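Quick note: the coordinates plus some simple rules give every number you see, no bench work behind them. Since the model is a prediction, treat every value here as computed from it, not as a measurement. Here the Cβ positions follow ideal geometry from the backbone for every residue, glycine too, while neighbour counts run over all protein chains shown.
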Amino acid sequence: MLQAGGIEFVVTDWNMPNMDGLQLLQAIRSSPTLKHLPVMMITAEAKKENIIAAAQAGASGYIVKPFTAATLAEKLQKIFDKMGG
Amino acid sequence: MTDSNGSGDSRELEALFDSIASGAAPTDAAAAKASLLQQLREVEGEEDDSDDLQALFEAVVAAQAPAAGEPTADDDQASGGNDKVFRRVGQMARQLHDTLGELGYHELLGSAAAAIPDTRERLNYVATLTEKAACRVLNATDIANPLQEQLEASSAALAAKWDALYANQMSVDAFKQLAEETRAFLKQGLPQKTEATRAQLLEIMMAQDFQDLTGQVIKKTIAVAQELEAQLVGVLIETMPGERRTESVMSLLNGPVINAEGRSDVVATQQQVDDLLGSLGF
């Protein structure tokens with residue numbers, strides 16, 4: 001679906017069936033056509049290892065559940081700012 | 001695996017395969033099987049110990065394994081022998097590992113198990129002493145209680161008579177009798193009963209001497225229990241499959257953190273996530 005194009009921003013959970021969020025992130029970053037996509041992780045996984053692993057894999061943002069709309073807006077804005085700059 | 005034209009290593013392996021393959025010839029294997037069966041019967045007849053039986057059983061299995069498959073083409077023969085060698089080496093490594101493990105754990109568990117009868121004795125000792133102490137205390141209170149009741153009743157009776165005197169309802173003779181009764185109570189009845197009660201209080205106090213002894217014994221027993229626990233946990237950790245051991249620690253799929261209090265490996269707020277990412281340069 002991602003390869004088909006038309007997607008410009010990825011917001012993903014970590015704990016998912018078939019392919020977890022980290023695997024998805026790694027797949028996106030290793031794909032030459034998709035590696036530029038911003039990927040935001042929104043997950044209940046709150047271990048420091050998780051956050052470090054996501055950061056190392058190239059996540060654009062990391063939000064722990066439960067989260068507020070304000071947090072989401074702030075993090076999205078931060079990513080957009082980075083992309084613009 | 002089947003590359004036989006490579007380095008010297010593979011030529012050596014090839015030679016090994018050949019020796020295995022020749023050992024796998026049906027006639028040889030059948031003969032070996034027959035002689036092993038003969039041995040098996042002898043061993044059964046002697047009712048030898050289980051170690052020999054176990055070794056013999058493995059030898060029989062090993063002799064049968066190469067005879068089971070009979071490859072036709074040369075390549076098949078080489079790869080079949082190759083697999084068998086690896087399987088056999090794998091089995092041997094596994095056996096060695098198991099045996100070493102059992103030896104180590106037997107020693108460990110043996111020392112732990114040896115401490116248990118001693119601990120049982122100690123706990124029996126504690127039970128005996130505390131039971132004795134409880135009996136002594138109950139007996140003492142059984143003796144002291146009626147004494148107190150008698151004192152109470154005697155005092156109440158005398159008090160009633162004195163009340164009658166103050167109400168001017170008493171004759172002179174009756175007053176003389178009351179004075180005599182009161183004097184006797186104060187001189188004999190009261191000191192006698194308080195003395196007896198004090199003796200029982202002393203008995204109750206002395207019955208607490210068990211605490212000194214049982215306290216020491218229980219401390220030792222707790223030490224044994226802790227040692228035992230540590231050893232059993234050690235065995236558990238060492239025998240647990242490697243994957244499961246690391247799973248709980250290393251997994252990145254733990255779900256929500258139920259209680260972040262007192263844990264340093266998790267974050268509790270988005271702010272902490274941001275700080276962590278910030279410290280990593282994001």
task = Please verify whether region B:165-173 includes one or more residues that are of a type in the set (Gly, Ala, Ser) and part of a helix (DSSP H, G or I).
result = no
task = Hey, can you tell me all the residues within region A:50-66 that are of a type in the set (A, V, I, L, M, F, W, C) and without any contact (Cβ under 8 Å) to a residue 12 or more places away in the chain?
result = A:ILE51, A:ILE52, A:ALA55
task = Take region A:67-85 and flag every residue that is surrounded by 14 or more Cβ atoms within 10 Å (Cβ to Cβ) and of a type in the set (Ser, Thr, Tyr).
result = A:THR71
query = Would a scan of region A:21-39 turn up a residue that is over 18 Å from B:GLY281 (Cα atoms) and within 10 Å of chain B (Cβ to nearest Cβ)?
reply = yes
Residues being under 60 Å from the mean Cα position of the chain (by Cα), surrounded by 12 or more Cβ atoms within 10 Å (Cβ to Cβ) and not hydroxyl-bearing (Ser, Thr, Tyr) - total across region B:151-191 = 3
task = Would you please name the residue that is nearest to A:MET16 (Cα to Cα), looking only at residues in region A:42-61 that are at the interface with chain B (Cβ under 10 Å from one of its Cβ atoms) and of a type in the set (A, V, I, L, M, F, W, C)?
result = A:ALA44
inquiry  = Checking the structure you have, find out if any residue of region A:27-47 is farther than 20 Å from B:SER279 by Cα and touching a Ser or Thr at 6+ places or on another chain (Cβ under 6 Å).
reply    = yes
message = Can you find a residue that is within 7 Å of chain B (Cβ to nearest Cβ) and either part of a helix (DSSP H, G or I) or on the phi > 0 side of the Ramachandran plot (or both) anywhere in region A:62-72?
response = yes
task = Could you check, for region A:38-49, whether at least one of its residues is free of Cβ contacts under 8 Å to residues at least 60 places away in the same chain, of a type in the set (A, V, I, L, M) and either assigned to a helix (DSSP H, G or I) or over 19 Å from B:LEU252 (Cα atoms) (or both)?
result = no
